[in-house]
Amino acid sequence: MKIKILKDYNELSYTVADIVEEQIKREPISRFILPTGSTPHGLYKELVSRELDWGAVMTYNLDVYIMNPNHSQSYQTFMKENLFNKINIYPTNCQFPDRNVQSYEQRLKGIPADLCILGIGTNGHIAFNEPGSSFDSETRVVDLNEQTIEDNSRFFDSVDDVPKQAITMGLKTIMKSKKIVLIANGVHKYKILNVAMNGGITEKVPASILQKHNNVEVFYCD
Ligand code: F6R
């Protein structure tokens, strides 16, 4: 699979913002699946600056930590601070997985998302589908693996403060999206990105499932 290498983080952010903008303008009633983490920061900043009409958009987040949603490091807080509080989206149109996993799954099953934006973990995870996750997986509670806890400890005072569990959208659910865009930033991501896109398709590398999707774009910058 082709990995499009972009000049820098700015280009990565506005290239993906262009795709989102084009989707909203073409179909104002659009459904997006969205990530958190450090990679989409620039994308969300760029989207906020474009003053698009989000009035009929529905969003579904990929995952949440199992923790107080009002905590400063919760994914609900992240989305509010970086995007939702700064655009004209209806709070009720911003959905997050919760313990009622069947209900979240049903909401996504009816109509596939128009666009799913993904980051990738250094262990090849997408959302919190860690290595070994079934390609048939749906929304569920998962244990985070050691690598992910270590990687995400940079957002917390100590590694012990990182939540050990999360609720994640499954790989099967992600694959139902009409279009998928994967973004990765930093040399530490290149090796796993290349393995996932050009190596074998295996549950050991969850992102490798994307090779089976017919409408995926992958963007990388150093
Ligand atoms: C977060 C998510 C994760 C991240 C991945 C990369 O909602 O779905 O899969 O995309 O862990 O995180 P960053 O961007 O922080 O390197």
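The values are calculated or read from the model by the stated rules, or taken from the named source; none is laboratory data. Here the structure is a predicted model, which is why all the values come from computation and not from measurement. For neighbour counting, all protein chains shown are included, and Cβ atoms are generated from backbone atoms with ideal geometry for every residue, glycine included.
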Among (1) crowded, with 16+ Cβ neighbours inside 10 Å; (2) within 15 Å of the ligand (Cβ to nearest atom); (3) more than 18 Å from the chain's Cα centre (by Cα); (4) not polar (S, T, N, Q), the one test that Gly121 misses:
(3)
For the structure I just gave you, tell me whether Asp53 is touching an Asp or Glu at 6+ places or on another chain (Cβ under 7 Å) and more than 14 Å from the ligand (Cβ to nearest atom).
no
Across segment 96-116, what is the total count of residues that are farther than 23 Å from Val20 by Cα, touching a residue at least 60 places away in the same chain (Cβ under 8 Å) and not acidic (Asp, Glu)?
2
So if I check each of Gly37, Gly42, which one is within 19 Å of the chain's Cα centre (by Cα), within 12 Å of the ligand (Cβ to nearest atom) and part of a helix (DSSP H, G or I)?
Gly42
Going by the structure shown, is Thr15 in a helix (DSSP H, G or I), free of Cβ contacts under 8 Å to residues at least 12 places away in the same chain and among the hydroxyl-bearing types (Ser, Thr, Tyr)?
no
Would you confirm, using the coordinates I've provided, whether Lys80 is more than 11 Å from the ligand (Cβ to nearest atom), closer than 28 Å to Gly110 by Cβ and either modelled with pLDDT of 95 or more or assigned to a helix (DSSP H, G or I) (or both)?
yes
Can you tell me which of Phe96, Phe135, Phe128, Phe156 is surrounded by 13 or more Cβ atoms within 10 Å (Cβ to Cβ) and farther than 25 Å from Lys189 by Cα?
Phe96
Could you list all residues from segment 187-197 that are in contact with a strand residue (DSSP E or B) (Cβ under 8 Å, 6 or more places away or on another chain) and either basic (Lys, Arg) or farther than 15 Å from His125 by Cβ (or both)?
Lys189, Tyr190, Asn194
Working only within segment 47-60, note down all residues that are without any contact (Cβ under 8 Å) to a residue 40 or more places away in the chain, outside any loop (DSSP other than H, G, I, E, B) and either more than 18 Å from the chain's Cα centre (by Cα) or closer than 21 Å to Ile174 by Cβ (or both).
Ser49, Met58, Thr59
Restricting the first residue to segment 21-42 and requiring it to be closer than 16 Å to Phe155 by Cα, which pairs with a second residue that is more than 8 Å from the ligand (Cβ to nearest atom) and aromatic (Phe, Trp, Tyr) meet a Cβ separation below 8 Å and a spacing of at least six or different chains?
Thr36/Phe78
Out of all the residues in segment 83-118, which are in a loop (DSSP other than H, G, I, E, B) and among the aliphatic types (A, V, I, L, M)?
Leu83, Ile87, Ile89, Ile111, Ala113
Test of understanding: among Gly37, Gly55, which residue is modelled with pLDDT of 95 or more, among the small types (Gly, Ala, Ser) and surrounded by 15 or more Cβ atoms within 10 Å (Cβ to Cβ)?
Gly37
Taking the condition of being of a type outside the set (Lys, Arg) and over 14 Å from the mean Cα position of the chain (by Cα), how many residues in segment 167-207 meet it?
17
Among the residues listed as Val57, Val64, Val48, the single one being over 30 Å from Asp157 (Cα atoms) and of a type in the set (A, V, I, L, M, F, W, C):
Val57
